[in-house]
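A.B. asks: Handing you a structure now.
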Ligand code: SF4
């Protein structure tokens, strides 16, 4: 709700209160409401519209659809992958292919889903050709969108899936494996109060069954941290 909408609603409630009381019109308060957004002052919808019109990096030229992300506002968890694949490029929705279906199952195992308590996004919003990794320069060009989304969403936690997204988000110049990142919490500079956990990309789990056990350990760690954060 915007500050103007809140002020109008407060005025209406004041008037209704006068009417339901003794009919006496009391002096009005000077309300100082703020919009339901943080930091940049814009909304998730405005950011999504800008993403869909953006051609700031070379990825914009080859896309069918930009993929801003989907899910709920104020999510428990913001899931961030590296970028859209073919299915996502065709539909404009994140994580809808086989890997996305596995991601949904993984989240569901710990009581999370994009309909009720998660938001799913990517580091870059347009599909890299031939599903190559996004280049660091492309990730940097797109990063303001992700940061603005985080400011609007205000997630309790960030789950970063895959080596590419994790290294790009953490700003690592020398990329390291998920094996060396997992099991501990990081701070994403644009949201230092939001714990960030890195785990394997679901497509890696589709390729290698042996990674399912450590990924499950990561999800349990995520759930336990969430319970800690939401119990205070
Ligand atoms: S990937 Fe990001 S910066 Fe590049 S064109 Fe798409 S929305 Fe713009």
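The values are calculated or read from the model by the stated rules, or taken from the named source; none is laboratory data. Since we're looking at a predicted model, the values are computed, not measured. Note that we place each Cβ from the backbone using ideal geometry, even for glycine, and neighbour counts take in every protein chain shown.
A.B. asks: Looking only at segment 141-166, filter to residues that are within 11 Å of the ligand (Cβ to nearest atom) and without any contact (Cβ under 8 Å) to a residue 60 or more places away in the chain; which one of those is nearest to residue 186 (Cα to Cα)? Break it down stepwise before answering.
C.D. replies: First, the residues of segment 141-166 that are within 11 Å of the ligand (Cβ to nearest atom): 141-146.
Filter once more, keeping what is without any contact (Cβ under 8 Å) to a residue 60 or more places away in the chain: 143-144.
Working: 143: 18, 144: 20 Å.
Out of the qualifying residues, it is 143.
A.B. asks: Just to be sure before I move on: is residue 82 surrounded by fewer than 22 Cβ atoms within 10 Å (Cβ to Cβ), in contact with a strand residue (DSSP E or B) (Cβ under 7 Å, 6 or more places away or on another chain) and touching a residue at least 24 places away in the same chain (Cβ under 8 Å) in the structure I sent? Explain how you work it out, then say what you get.
C.D. replies: Details: surrounded by fewer than 22 Cβ atoms within 10 Å (Cβ to Cβ): no; in contact with a strand residue (DSSP E or B) (Cβ under 7 Å, 6 or more places away or on another chain): yes; touching a residue at least 24 places away in the same chain (Cβ under 8 Å): yes.
Against the criterion (surrounded by fewer than 22 Cβ atoms within 10 Å (Cβ to Cβ), in contact with a strand residue (DSSP E or B) (Cβ under 7 Å, 6 or more places away or on another chain) and touching a residue at least 24 places away in the same chain (Cβ under 8 Å)), residue 82 does not qualify.
A.B. asks: Here is a follow-up. For residues that are outside any helix (DSSP H, G or I) and exposed (fewer than 14 other Cβ atoms within 10 Å of the Cβ), tally how many sit in segment 184-210.
C.D. replies: Count: 6.
A.B. asks: Please specify each residue of segment 123-150 satisfying the condition of being within 25 Å of residue 227 (Cα to Cα) and touching a helix residue (DSSP H, G or I) at 6+ places or on another chain (Cβ under 9 Å).
C.D. replies: Scanning segment 123-150 gives a single hit, 149.
A.B. asks: Can you pull out the helices (runs of 4 or more DSSP H) entirely within segment 1-118 that have at least 2 residues that are within 16 Å of the ligand (Cβ to nearest atom), at pLDDT 70 or above and farther than 27 Å from residue 132 by Cβ? Let's see the steps before the verdict.
C.D. replies: Details: elements: 3-20, 44-53, 59-62, 86-91, 98-108.
Per the criteria, 44-53.
A.B. asks: Can you confirm whether residue 181 is in contact with a helix residue (DSSP H, G or I) (Cβ under 8 Å, 6 or more places away or on another chain), surrounded by 13 or more Cβ atoms within 10 Å (Cβ to Cβ) and without any contact (Cβ under 8 Å) to a residue 12 or more places away in the chain? Give the steps one after another, and end with the answer.
C.D. replies: Numbers: in contact with a helix residue (DSSP H, G or I) (Cβ under 8 Å, 6 or more places away or on another chain): yes; surrounded by 13 or more Cβ atoms within 10 Å (Cβ to Cβ): yes; without any contact (Cβ under 8 Å) to a residue 12 or more places away in the chain: no.
Judged against the criteria, residue 181 is not a match.
A.B. asks: Residues that are touching a residue at least 12 places away in the same chain (Cβ under 8 Å) and in a strand (DSSP E or B): does segment 211-224 have at least one?
C.D. replies: The answer is no, given that none of the residues of segment 211-224 is touching a residue at least 12 places away in the same chain (Cβ under 8 Å) and in a strand (DSSP E or B).
A.B. asks: Pick from segment 119-134 the residues that are in a loop (DSSP other than H, G, I, E, B) and more than 8 Å from the ligand (Cβ to nearest atom): which of them is farthest from the chain's Cα centre (by Cα)? Don't jump to the end; show me each part of the working.
C.D. replies: Filtering segment 119-134 for residues in a loop (DSSP other than H, G, I, E, B) gives 123-128, 132-134.
Still in the running and more than 8 Å from the ligand (Cβ to nearest atom): 123, 127-128, 132-133.
On the way: 123: 10, 127: 18, 128: 20, 132: 22, 133: 20 Å.
My answer is 132.
A.B. asks: Also, quick follow-up: Give the residue, chosen from 198, 191, that is under 18 Å from residue 73 (Cα atoms) and either away from the ligand (no atom under 16 Å from the Cβ) or touching a residue at least 60 places away in the same chain (Cβ under 8 Å) (or both).
C.D. replies: Working: 198 fails: under 18 Å from residue 73 (Cα atoms).
Every option except 191 fails the conditions.
A.B. asks: Inspect segment 159-167 for any residue being touching a strand residue (DSSP E or B) at 6+ places or on another chain (Cβ under 7 Å), in a loop (DSSP other than H, G, I, E, B) and on the phi > 0 side of the Ramachandran plot and give the result as yes or no. Show your work before the answer.
C.D. replies: Residues of segment 159-167 touching a strand residue (DSSP E or B) at 6+ places or on another chain (Cβ under 7 Å): 159-162, 165-166.
Among the residues that remain, those that are also in a loop (DSSP other than H, G, I, E, B) are: 162.
Filter once more, keeping what is on the phi > 0 side of the Ramachandran plot: 162.
So far as segment 159-167 goes, yes, one or more of its residues are touching a strand residue (DSSP E or B) at 6+ places or on another chain (Cβ under 7 Å), in a loop (DSSP other than H, G, I, E, B) and on the phi > 0 side of the Ramachandran plot.
A.B. asks: While we're here: Please list, ordered by first then second residue, the pairs with beta carbon atoms under 8 Å, 6 or more apart or interchain, first in segment 126-140 and over 15 Å from residue 174 (Cα atoms) and without any contact (Cβ under 8 Å) to a residue 40 or more places away in the chain, second more than 8 Å from the ligand (Cβ to nearest atom) and not in a loop (DSSP other than H, G, I, E, B).
C.D. replies: 139/168
A.B. asks: Of all residues in segment 135-158, how many are in a loop (DSSP other than H, G, I, E, B), under 11 Å from the mean Cα position of the chain (by Cα) and over 22 Å from residue 107 (Cα atoms)? Outline the logic, then answer.
C.D. replies: Of the residues in segment 135-158, the ones in a loop (DSSP other than H, G, I, E, B) are 135, 154-156.
Okay, now just the ones that are also under 11 Å from the mean Cα position of the chain (by Cα), so 154-156.
Next, only the ones that are over 22 Å from residue 107 (Cα atoms) stay: none.
Number satisfying all stated conditions: 0.
A.B. asks: Same structure again: Please tell me if residue 137 is within 16 Å of the ligand (Cβ to nearest atom) and surrounded by fewer than 22 Cβ atoms within 10 Å (Cβ to Cβ).
C.D. replies: Values: within 16 Å of the ligand (Cβ to nearest atom): yes; surrounded by fewer than 22 Cβ atoms within 10 Å (Cβ to Cβ): yes.
The answer is yes for residue 137.
A.B. asks: Considering 103, 78, 112, 59, which residue is farther than 22 Å from residue 193 by Cα and within 17 Å of the chain's Cα centre (by Cα)? Please lay out each step first, then the result.
C.D. replies: Numbers: 78 fails: farther than 22 Å from residue 193 by Cα; 112 fails: farther than 22 Å from residue 193 by Cα; 59 fails: within 17 Å of the chain's Cα centre (by Cα).
Unique residue meeting the criteria: 103.
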